[in-house]
Amino acid sequence: MRTLGEFVREEGVLDWLGESIGRIIDQATEAVREGARRKLVPMASCFTCTTPWCCSVMVVVGLHEGVLIASALRASQRDTPELRADLRARAEAMAGKTPDEWRRPEWRRQCVFLNERGRCSVYAVRPRSCGTAYVFSPPEWCRGDEPERKLQVNIQRREALEGEQIEEQFRERLALRKKVGRRYIGTLPHMVLVALEAWDRTDFRDYLRQLPWPTLEEVRRWLPPDRGAQPATT
Ligand code: SF4
Ligand code: SF4
């Protein structure tokens, strides 16, 4: 019996995830640049922004993205009890809140992976939503101090669809039971913590199966509605 870590490495799942998510991010980046070149949308503020206010938002990811980040943390000896405690505390703080609620100054906190230089410390394996959410409004609006100012964010319909396909292919490759009416997704700290806790288990399928995965109704509270045109407000 192999552990989760052994399985995803030996079966090529990690390489496939890294390539697949990286391709979606590259594709979104090129689409935003091309839109600006053709003057369909303004140049995204993110290309010149130096202050990552966005790394305080609630990021919702698939278990597969948590597994990819967990692999990088394990490979660089960053899976420590302190990190797990931090992930757990943040996951508990986010539980039951919507992304809008999390943006309030009294709740929001910087992402656990933002380093002291204001850089993403898991950049090479960052989640799809982090790499594709380009903003066209002024960067300081992203801070969230003035909630009445609606951010202009690129629509990610194609990227979201491709992300869901990867989520499903990952479930199949791991032979995880299909959860009718539920998805293997959650907040970023929660999914990374789940992946780390499953990493050395040979019974990882049973372990993952019994966790309280969100219903589609709960997922809808996390994810923005499809607004059909770009750039969109959020
Ligand atoms: S989303 Fe906002 S804060 Fe983040 S990089 Fe883009 S402009 Fe800057
Ligand atoms: S994973 Fe990286 S890019 Fe995403 S919110 Fe955290 S620090 Fe920012």
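The values are calculated or read from the model by the stated rules, or taken from the named source; none is laboratory data. Being a predicted model, the structure only gives us computed values, none of them experimental. Using ideal geometry, Cβ is built from the backbone for each residue, glycine included, and neighbour counts are taken over all protein chains shown.
Details
- Pairing residues of region 127-143 that are over 18 Å from ALA70 (Cα atoms) and free of Cβ contacts under 8 Å to residues at least 12 places away in the same chain with residues that are within 8 Å of ligand 1 (Cβ to nearest atom) and among the hydroxyl-bearing types (Ser, Thr, Tyr), at Cβ distances under 9 Å and at least 6 apart in sequence or on separate chains, gives TRP141/SER45.
- Subset of region 134-168 that is of a type in the set (Lys, Arg) and more than 10 Å from ligand 1 (Cβ to nearest atom) - its residue that is surrounded by the most Cβ atoms within 10 Å (Cβ to Cβ): ARG149
- Pairs, first among the hydrophobic types (A, V, I, L, M, F, W, C) and surrounded by 14 or more Cβ atoms within 10 Å (Cβ to Cβ) in region 76-89, second in a helix (DSSP H, G or I) and modelled with pLDDT of 95 or more, C-beta under 6 Å, six or more apart: LEU87/PRO189; LEU87/VAL192; LEU87/LEU193
- Residues satisfying the stated conditions in region 110-133, i.e. assigned to a loop (DSSP other than H, G, I, E, B), buried (at least 18 other Cβ atoms within 10 Å of the Cβ) and at pLDDT below 95: ALA133
- Checked against (1) within 19 Å of PRO127 (Cα to Cα); (2) within 16 Å of ligand 1 (Cβ to nearest atom); (3) over 18 Å from the mean Cα position of the chain (by Cα), CYS46 passes all but condition (3).
- Filtering region 50-77 to residues that are in a helix (DSSP H, G or I) and of a type in the set (A, V, I, L, M) leaves LEU63, VAL67, LEU68, ILE69, ALA70, ALA72, LEU73, ALA75.
- Flag if GLU101 is within 30 Å of PHE7 (Cα to Cα), away from ligand 1 (no atom under 16 Å from the Cβ) and either in contact with a Phe, Trp or Tyr (Cβ under 8 Å, 6 or more places away or on another chain) or of a type in the set (Asp, Glu) (or both): no
- Of all residues in region 32-44 being part of a helix (DSSP H, G or I) and crowded, with 19+ Cβ neighbours inside 10 Å, the one that is modelled with the lowest pLDDT: GLY35
- Condition check for GLU92: at pLDDT 95 or above, of a type in the set (Asp, Glu) and more than 15 Å from the chain's Cα centre (by Cα): yes
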